[in-house]
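**Q** Take a look at the following structure, please.
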Amino acid sequence: MNPILADLLRLLELERIEDNIFRGESRDLGSDRVFGGQVLGQALTAASYTAGAREVHSLHAYFLLPGDVDAPIVYEVDIARDGKSFSTRRVVAIQHGRPIFNMAASFQVPEEGFEHTVAMPNVPGPEGLADVRELPPALFEKVPDKLRRFLTHERPFEFRLVEPIQIVPPVRSEPRRHLWVKTVGALPDSVDLHRHVLAYVSDYQLLATAMRPHGVDYAAGNVQLATLDHAMWFHRPFRVDDWLLYAMESPSASGGRGLAFGRFFTRAGRLVASTAQEGVVRLWPEKPKQP
C-alpha cells in the first residue's frame, strides 16, 4: 500500500484506553492546528467501535476549539441509545482537559426501502484534469506559506479540479465548485472504513466555496476560514478508492459566516453522501498577528 495512504489508515485507527474512551494521534498538514477532517474521521471511528454491525447514516458535529497538532486527542463515546433499528452515539474530543469538538452520530441496521436520487452535475470526468498539486509553480510562489504548504503537502488523495483554482490575481466566480477525489491506492473492503475516510476528506475545500463570489486575495494573508459545524449523511455504499465527484455550492454568506453544501456522486451518477458546513469567513483589515 502507498505509505501515505497507509499512514492515513493508521491515523483513523484509535487506541482503546477504556471501555468507551479512545485516543488518536494527529498529523501536521502545514499548520499548527489539527485538520478538521481528521477529528471528524477519528470521532466517527470512535463511535463506530461501539455500534457493532450497524452502519452510520448521519452525523452532526461542532468544532469548539482549534486542535493542537502536537498533542493526542481523547475521544469519549456516550452510548445514548440502542433501539431495534437505530443507535445514537455522542462523542466528545478532548485535548489539554478541554473539549475541542463534539458530535452526534446515528447508526442503522441495513435495510431495503424506497429509492430515488438527484442527477449528477454535467461536468467533465477526471481524465485529463489537473491535480491540485500540479498548479503552476509561479502561482505557489505568490500565496502565503500556510496555504502553499497545505496545497503542496503530500496527501493520500488525488484531487482533480473541474474549475481551475484562480488565486493570483483573485477573481469573482459562481459559488460552486466541483472536484474529483479518490485515494491514491486501493483500500480494504470495509464499509465503515470507506465512510470514515470520506468523512475525513469531506472537510476539504467545502467552506472555501463561500469565498468564490467575493474575489478574495489569499496572497494578502488576512483571510480567516474556520469551520463551526459539519453535518453528513451517508445514503448508499461506495468506495473512496474509486473516483467520486464532490459537488459543492454556497447558498449564503452573512454575519461573518458562510454556508456550504456538498454532494458526493459515483462515476455512474449515484448520490452516495451529502454534507453541510457553516464556518467563519472573515477578511481582516490587515494580516492578523500571530498569538
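The values are calculated or read from the model by the stated rules, or taken from the named source; none is laboratory data. Fair warning: this is a prediction, and the values are worked out from it, not measured in the lab. Cβ sites come from the backbone with ideal geometry, for glycine too, and all protein chains shown count toward neighbours.
**Q** Anything in region 203-261 that is within 30 Å of VAL191 (Cα to Cα), of a type in the set (A, V, I, L, M) and either assigned to a loop (DSSP other than H, G, I, E, B) or modelled with pLDDT under 95 (or both)? List them, or say none.
**A** Across region 203-261, the qualifying residues are LEU206, LEU207, ALA208, ALA226, VAL240.
Residues checked against (1) touching a residue at least 40 places away in the same chain (Cβ under 8 Å); (2) farther than 22 Å from ALA43 by Cα:
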residue	(1), (2)
ALA226	yes, no
TRP233	yes, no
LEU245	yes, yes
ALA260	yes, no
ARG263	yes, no
THR266	no, yes
ARG270	yes, yes
GLN277	yes, no
TRP284	yes, yes
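**Q** Mind checking which pairs have a first residue in region 109-131 that is of a type in the set (D, E, K, R) and a second that is in a strand (DSSP E or B), Cβ under 8 Å, 6 or more apart or different chains?
**A** Listed pairs, sorted by first residue: ASP131/GLU158; ASP131/PHE159; ASP131/ARG160; ASP131/LEU161.
So that you can scan it fast, the table gives a plain yes or no per residue for (1) farther than 18 Å from GLU174 by Cα; (2) surrounded by fewer than 18 Cβ atoms within 10 Å (Cβ to Cβ); (3) out of contact with any Gly (no Cβ under 8 Å at 6 or more places or on another chain); (4) not hydrophobic (A, V, I, L, M, F, W, C):
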site	(1), (2), (3), (4)
TRP233	yes, yes, yes, no
PHE238	yes, no, yes, no
SER254	no, yes, yes, yes
GLY258	no, no, no, yes
ALA273	yes, no, yes, no
VAL281	no, no, no, no
PRO285	yes, yes, yes, yes
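**Q** Considering only residues of region 155-211 that are touching a helix residue (DSSP H, G or I) at 6+ places or on another chain (Cβ under 8 Å) and of a type in the set (S, T, N, Q), which is surrounded by the most Cβ atoms within 10 Å (Cβ to Cβ)?
**A** My answer is SER202.
**Q** If you check ALA138 against the conditions, is it at pLDDT below 95, closer than 22 Å to SER250 by Cα and assigned to a helix (DSSP H, G or I)?
**A** no
**Q** Can you tell me which of (1) at pLDDT below 95; (2) assigned to a loop (DSSP other than H, G, I, E, B) is the one LEU147 doesn't meet?
**A** Result: LEU147 passes all but (2).
**Q** Got a sec? Which of ILE73, ILE17 is modelled with pLDDT of 95 or more, over 18 Å from VAL201 (Cβ atoms) and over 19 Å from the mean Cα position of the chain (by Cα)?
**A** The match here is ILE17.
**Q** Can you tell me which of (1) touching a Gly at 6+ places or on another chain (Cβ under 8 Å); (2) under 19 Å from ILE4 (Cα atoms) is the one TYR75 doesn't meet?
**A** The number of the failed condition is (2).
**Q** Which condition number does SER48 fail, the rest of (1) modelled with pLDDT under 95; (2) touching a helix residue (DSSP H, G or I) at 6+ places or on another chain (Cβ under 6 Å) being met?
**A** It is condition (1) that SER48 fails.
**Q** I've got another one for you. Would you please name the residue that is surrounded by the most Cβ atoms within 10 Å (Cβ to Cβ), looking only at residues in region 1-36 that are in contact with a helix residue (DSSP H, G or I) (Cβ under 8 Å, 6 or more places away or on another chain) and assigned to a helix (DSSP H, G or I)?
**A** This residue is LEU8.
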